[in-house]
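As structure tokens, the structure follows; a few thoughts come after it.
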Amino acid sequence: MSRQPFGRRINTWLAEAPTEQFTDNKWRFWFLALVGFQLLNATLTALVFDAGGNLQNGMGAIVLAVGALLSWLAVAFLHYSDGHDRRLARGVSLLDSITLVCVLAHFTFLLWTFGHLRELQRAESEYKATALVYNERAEKISTDNAKIAASAERIAAETTKAERLRNDAAYQLRRAAEAGVRISRPGSTAPGVTAPTLTTAPIELERPHAPAESSTAFLTRWDFWIRAANLAELLLAAATLIYIRNRSAKTNAPRSPEMDLSSLLSVASRTPAPRPAFSTTHVSSKADDTNAQRKTTHVSSNLAEGLKRLRETLKEISFYTPGQHYKADVKPEEGCVWIRAMVSDHGIQRTSSAAKAKLDILADAMTMPHETYRERLERFLRQNGFEM
């Protein structure tokens, strides 16, 4: 078997039904991008506030935990962005889009802050090392100058002593000459003692220059904005949850506790509920289902199999419409299939919407692929006023 080209395999992997665009692929792209950048933001925030390798009072662990919590909330946001309530789905999608933009802007700001902070810390490290070398050299020169000064003092003392002895000798010779003593002199007069000279020429060392801005001052200046960006992500997540909570509370069907079957039958025997004519908008009692199920037994085997698949598909659709479920029954005398949406009204099941479909819908259930048949059935329900 020939291998498909790379592009064809990618398109097949990303292919989705026309009515389910970006339903599965949002988990492959949007979710990974949002969660990935949120975790990177938490890591960068912890690194920015890292003091000498020790996180300040465990703040790094807290920031990482908050990033993980936001990633978990992103799962719920993406789930509700494809709900059957179009207004809820679009509202959550808008808030989720704003959150993604905020996360990307936050990441860019943190990346710049982290890079600039590292440059300042590198400059400070170089300054400290240069200052240490400068101080060592200056201390050595100062010590050498002190030694030279001490040696000069000793030489000056010795020179003074020698000069005094020479003056004393000259004085004695002069007194002897005055007394008439003949003194023989060497061929040349001994030169005076010349003291050696020591110089301490000044040595210029290049002083190190401190960075124009310290890392502490830089981080202090931008500390507020870093924390404000973190707060913005948390507020957006809270706003999205609040919107989901309030919108779902408004649109969900009211729930009532399950009633015992015997109590339901006793109530029905005492006060039988009226049964108005069946229409697409009327409300009927549950007793109508028994007669319909009896008539269904007379349907041919092929139609019965199609009816079974129709009911399975309706059951699958009802999973996405909480508060109601669907029933389908064949009406042989009318040559059609009745599809009804059932809701619970104080423990009693009643029909909220109904529509009549041709028997072709059972044949299509046997021949069409499952996903295609489900799309066709959902389209039929929407066209007939069912709440999806």
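What follows is calculated from the coordinates using simple rules that are stated; it is not laboratory data. The model shown is predicted, which means the values in this text are computed figures rather than measured ones. Methodologically, a virtual Cβ is constructed for each residue, glycine included, from the backbone with ideal geometry; neighbour enumeration extends over all protein chains shown.
Please work out the Cα convex hull volume for region 1-126 and give it in Å³ per residue.
On the way: hull volume 21.0 nm³, N = 126.
Output value, Cα hull per residue: 166 Å³.
Starting from the Cα of ARG376, step 7 Å along the direction of its Cβ; do the same at ILE155; then give the gap between the two resulting points in nm.
11.6
Based on the mean of other beta carbon atoms within 10 Å per residue, what is the order of 361-369, 314-322, most packed first?
Values: 361-369: 15.7, 314-322: 14.1.
Ranked by mean Cβ neighbours within 10 Å, highest first: 361-369, 314-322.
So which aspartates and glutamates pass the test for LYS161, namely a Cα distance under 16 Å, with those fewer than 8 places away in the same chain ruled out?
In chain and number order, the partners are GLU153.
Using a Förster radius of 51 Å, what is the FRET efficiency between GLU387 and ARG207 based on their Cβ-Cβ separation? Nearest 0.05, please.
0.05
Extension gain ASP24-ASP345, at 0.36 nm per residue separation less the Cα-Cα distance, in nm? Intermediate results must be reported in sequence, preceding the final value.
Details: separation 321, 0.36 × 321 = 115.56 nm, distance 3.50 nm.
Length gained between ASP24 and ASP345: 112.1 nm.
Spin-label point model (7 Å from Cα, Cβ direction): what's the LYS315 to HIS116 distance in nm?
Between LYS315 and HIS116, the label points sit 6.2 nm apart.
If I stretch the segment between LEU234 and GLU333 completely, what's the gain in nm (0.36 nm per residue apart, minus their alpha carbon distance), one decimal? Don't jump to the answer; show the numbers that get you there.
On the way: separation 99, 0.36 × 99 = 35.64 nm, distance 6.09 nm.
Answer, rounded to one decimal: 29.5 nm.
Can you tell me how much longer the chain between GLN4 and ALA61 gets when fully stretched, taken as 0.36 nm per residue apart minus their C-alpha distance, in nm with one decimal?
15.8 nm
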